[in-house]
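Heads up: the structure comes next, in structure tokens.
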Amino acid sequence: MRRTNYNDMATYKKRGYKPKTQAEKTEALEDNSTTAEVFNTLDESASKTEEWAVENQKYIIGAVAVIAVVVLAYLGYNKFVAEPKASEAMNEMFTAQQYFERAVNDTNAKDSLYTLALNGGEGKFGMLDIINEYGGTPAANLANYYAGMAYYNLNDYQNTVKFLGDFSSDDKILAPIAKGRIGDAFVQLNQPEDALSYYEKAASLNDNDYTTPMYLFKAGTVALTLGKQEKALDHFKSIKENYPNSNEASNIDVFIGQAQASL
């Protein structure tokens, strides 16, 4: 009688056990081979990268050095060139500012004082020198404002437009006044369309109770002369509704009536 091998039976009765087929064995070998190839490829790529870094190390270091030099140069320029230059420009402009302020406040010799403010005197720079010698500094920017205003008072309206056009500011009063003065210059140059445009820019630049109604009023009056009654009426009504305490609002009903009558 054949004896039963219980060990063999136990082996076959293990849960989930199935002998591997030849195909599965082949697949496992292929997976192991593929994994090995992947690691070999990664090793080769890493080696090539390291070789490239070693071979080109001097170029990498050079590139980093160039970037560092540029950054340091920029910081150094601001610290040792730009800042001292800006401070020097403000100091040089002091005398020209004094000439300008005297021209504004003095009833005599206005023209000569404005000319000194522009061209300088007593061996000191004028506003035009500041603009030419210290371009890009806050002092040169401010000098454009002074120069434009001086030229307006000297009846040179082309230069008024030029220099005030080069001036930029975020100041709530100074910025709209500069735009408004360009509008005034265009009125004198008999260019009402340009004047209207700049008055509207000045009115909208910074909303306040001083410059906004003033330039809305100027825009309205120029619009009337151009036959743009509706636009004029809008500007006059805006003064009445939004700036009732302004000087321009005191007789604004008269101008509203004129605009309505001409529609």
### Query
Can you find a residue in the stretch 200-208 that is touching a residue at least 12 places away in the same chain (Cβ under 8 Å), open to solvent by 50 Å² or more (accessible area, probe 1.4 Å), more than 24 Å from N155 (Cα to Cα) and outside any helix (DSSP H, G or I)?
no
### Query
Which condition does I173 not pass, out of (1) more than 23 Å from N141 (Cβ to Cβ); (2) open to solvent by 50 Å² or more (accessible area, probe 1.4 Å); (3) touching a helix residue (DSSP H, G or I) at 6+ places or on another chain (Cβ under 8 Å); (4) hydrophobic (A, V, I, L, M, F, W, C), if it passes all the others?
(1)
### Query
Out of the stretch 226-255, which residues are of a type in the set (V, I, T) and in contact with a helix residue (DSSP H, G or I) (Cβ under 6 Å, 6 or more places away or on another chain)?
I239, I252
### Query
Going by the conditions given, is F255 crowded, with 22+ Cβ neighbours inside 10 Å, more than 22 Å from the chain's Cα centre (by Cα) and either assigned to a loop (DSSP other than H, G, I, E, B) or not polar (S, T, N, Q) (or both)?
no
### Query
Quick one: is A89 of a type in the set (G, A, S), open to solvent by less than 40 Å² (accessible area, probe 1.4 Å) and farther than 29 Å from Y210 by Cα?
yes
### Task
For S238, work out the one condition from (1) polar (S, T, N, Q); (2) within 27 Å of the chain's Cα centre (by Cα); (3) in a helix (DSSP H, G or I) it doesn't fulfil.
(2)
### Query
open to solvent by less than 50 Å² (accessible area, probe 1.4 Å), under 26 Å from L128 (Cβ atoms) and acidic (D, E): does that describe D166?
no
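The values are calculated or read from the model by the stated rules, or taken from the named source; none is laboratory data. Please read these numbers as outputs of a predicted model, since none were measured by experiment. Note that we place each Cβ from the backbone using ideal geometry, even for glycine, and neighbour counts take in every protein chain shown. Heavy atoms of the whole protein, side chains included, go into the accessibility calculation; ligands, DNA and RNA do not. Shrake-Rupley method; radii C 1.70, N 1.55, O 1.52, S 1.80 Å.
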